[in-house]
Amino acid sequence: MIRIPCPHCGLRDHSEFTYLGDATVSRPPDDDAGDWTSGSRWSHYLYARDNPRGIHEEFWHHGWGCRAWLVVTRNTATHEVIDSKLAREREVQS
Ligand SMILES: [Zn+2]
């Protein structure tokens, strides 16, 4: 069982959350938005995902709680949750 520490609600069962994907992907600039060809930055941003084994940052939404978006650091091999923070408080990667 995965339990996720929500900064607002405390330690909660993962069934209260929805997994929303890789939190390490950076959005390309909007001026490239018209290029959807294979291999473009937008195509990669929307469709290409790694499937890492080990420690990874993921977006989770606490839909059955405070409805906050979180960045959860989790070991994908053991399901150990190492850290969680509000998505709006994380440092933006460039
Ligand atoms: Zn919460």
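For S15, indicate whether it is assigned to a loop (DSSP other than H, G, I, E, B) and polar (S, T, N, Q). Considered against the rule, which asks whether it is assigned to a loop (DSSP other than H, G, I, E, B) and polar (S, T, N, Q), S15 comes out as no. How about region 65-78: which of its residues are open to solvent by less than 30 Å² (accessible area, probe 1.4 Å) and either of a type in the set (A, V, I, L, M) or near the ligand (Cβ under 9 Å from one of its atoms) (or both)? Within region 65-78, A68, L70, V71, V72 qualify. Within region 1-36, the residues that satisfy the criterion of being within 12 Å of the ligand (Cβ to nearest atom) and surrounded by fewer than 11 Cβ atoms within 10 Å (Cβ to Cβ) are G10, L11. Output yes when any residue across region 55-63 is away from the ligand (no atom under 16 Å from the Cβ), modelled with pLDDT of 85 or more and touching a Ser or Thr at 6+ places or on another chain (Cβ under 6 Å), and no when none is. Yes, region 55-63 contains at least one residue that is away from the ligand (no atom under 16 Å from the Cβ), modelled with pLDDT of 85 or more and touching a Ser or Thr at 6+ places or on another chain (Cβ under 6 Å). Residues of region 49-64 that are within 18 Å of C9 (Cβ to Cβ) and surrounded by fewer than 16 Cβ atoms within 10 Å (Cβ to Cβ): G63, W64.
Residues of region 37-48 that are outside any helix (DSSP H, G or I) and surrounded by 12 or more Cβ atoms within 10 Å (Cβ to Cβ): S40 alone.
The values are calculated or read from the model by the stated rules, or taken from the named source; none is laboratory data. As the structure is a computational prediction, the values presented were derived from the model and not from experiment. Here Cβ is always computed from backbone atoms with ideal geometry, including for glycine, and neighbour counts include all displayed protein chains. Only protein heavy atoms, including side chains, enter the accessible area calculation; ligands, DNA and RNA are left aside. Shrake-Rupley method; radii C 1.70, N 1.55, O 1.52, S 1.80 Å.
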